[in-house]
Amino acid sequence: MPALIVSELSGGRYVERTVAEAGRETAIEAPFPLKLDPSRLVNPGAARMGRESARMGR
């Protein structure tokens, strides 16, 4: 299952701040606001299909 680990440099070491898991939109605030679902990065067609289904009332 795809996931992204967001780390931040703190005291000369990287510290894990957030894990963005596939199938769930995760909000990241720094260094800039971003919302993402890692599954859309590896299967961009799934995001398009979801939008089309929503538009068609499915």
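The values are calculated or read from the model by the stated rules, or taken from the named source; none is laboratory data. Quantities reported herein were computed from a predicted structural model and do not represent experimental measurements. Only protein heavy atoms, including side chains, enter the accessible area calculation; ligands, DNA and RNA are left aside. Shrake-Rupley method; radii C 1.70, N 1.55, O 1.52, S 1.80 Å.
Answer yes if at least one residue in the stretch 42-49 is open to solvent by less than 80 Å² (accessible area, probe 1.4 Å), at pLDDT 90 or above and not in a loop (DSSP other than H, G, I, E, B), and no otherwise.
No, the stretch 42-49 has no match at all.
Out of the residues in the stretch 15-29 that are over 9 Å from the mean Cα position of the chain (by Cα) and open to solvent by 70 Å² or more (accessible area, probe 1.4 Å), which is modelled with the highest pLDDT?
Selected residue: Glu16.
Provide a single number: the residues in the stretch 1-14 that are in a strand (DSSP E or B) and open to solvent by 50 Å² or more (accessible area, probe 1.4 Å). Working first, answer last.
To start, the set of residues in the stretch 1-14 that are in a strand (DSSP E or B) comprises 3-10, 13-14.
Pick out the ones that are also open to solvent by 50 Å² or more (accessible area, probe 1.4 Å) and you get 3-5, 7-10, 13-14.
Going through the stretch 1-14 one residue at a time, the tally reaches 9.
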